[in-house]
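Below is one structure, written out as structure tokens, with a few remarks after it.
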Amino acid sequence: MKFCENDTVILLNDFPEFGLKKGEVGAVIMVFTGPNEAYEIEFVDNEGRIKAQIVLPPHQLDIFKN
């Protein structure tokens, strides 16, 4: 699936090294098309502070649906 900047996405895997668990919601802040498709995702805590900002391939993300 292709994502766009500002899309809200959900994690499909745990990333304990970043303090992130499957199901956490983040926002796409940058799209990379080469050499491989990837997305920079920002995750925030309940207070709105940045919790983690990581680059992930599309197979580790899904679009968030309310």
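The values are calculated or read from the model by the stated rules, or taken from the named source; none is laboratory data. Everything quoted here is computed from the prediction, not taken from an experiment. Cβ coordinates were reconstructed from backbone atoms using ideal geometry, including for glycine residues, and neighbour counts include every protein chain displayed. Keep in mind that these areas ignore ligands, DNA and RNA; they rest on the heavy atoms of the full protein, side chains included. Shrake-Rupley method; radii C 1.70, N 1.55, O 1.52, S 1.80 Å.
List the relative contact order of the chain as a percent without decimals, with contacts defined as Cα pairs under 8 Å and 6+ residues apart.
Working: 132 pairs, mean separation 22.3, N = 66.
Normalised by residue count, the contact order of the chain is 34 percent.
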*Once the other residues with Cβ under 9 Å from the Cβ of Leu20 are scored (Lys, Arg +1; Asp, Glu -1), what is the net sum?*
0
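Net charge around Pro58, counting only other residues with Cβ within less than 13 Å of its Cβ (Lys, Arg = +1; Asp, Glu = -1)? Before the final figure, lay out the partial values.
Details: positive: Lys2; negative: Asp7, Glu37, Glu40, Asp62.
Neighbourhood net charge equals -3.
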*What fraction of the Cα pairs in the chain, stated in percent, has a spacing above 14 angstrom?*
52
*asked:* Can you tell me the length gained on complete extension of the stretch Phe15 to Phe32, counting 0.36 nm per residue apart and subtracting the Cα distance?
replied: 4.1 nm
*Does a label point 7 Å from the Cα of Thr8, set along Cα-to-beta-carbon, have any residues of segment 22-64 with amide nitrogen under 18 Å, and which are they?*
22-30, 41-52, 61-64
*Please find, in a Gaussian network model of the chain (springs between Cα atoms separated by less than 10 Å), the residue of Glu47, Glu24, Glu37 whose mean-square fluctuation is greatest.*
Glu47
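Taking only protein heavy atoms and a 1.4 Å probe, what accessible area per residue, in Å², does the chain have with all protein chains in place?
On the way: 4430 Å² over 66 residues.
About 67 Å² of surface per residue is accessible.
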*Please calculate the 1.4 Å probe accessible area of Asp14, with all protein chains present, and give it to the nearest 10 Å².*
90
*What is the magnitude of the charge dipole of the chain about its Cα centre, with +1 placed on the Cβ of each Lys and Arg, -1 on the Cβ of each Asp and Glu, and no other charges, expressed in debye to the nearest 20?*
140
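Could you compute the net charge surrounding Phe3? Neighbours are other residues with a C-beta less than 12 Å from the C-beta of Phe3; K and R count +1, D and E count -1.
Numbers: positive: Lys2; negative: Glu5, Asp7, Glu37, Glu40, Asp62.
That sum, taken over residues with Cβ under 12 Å, equals -4.
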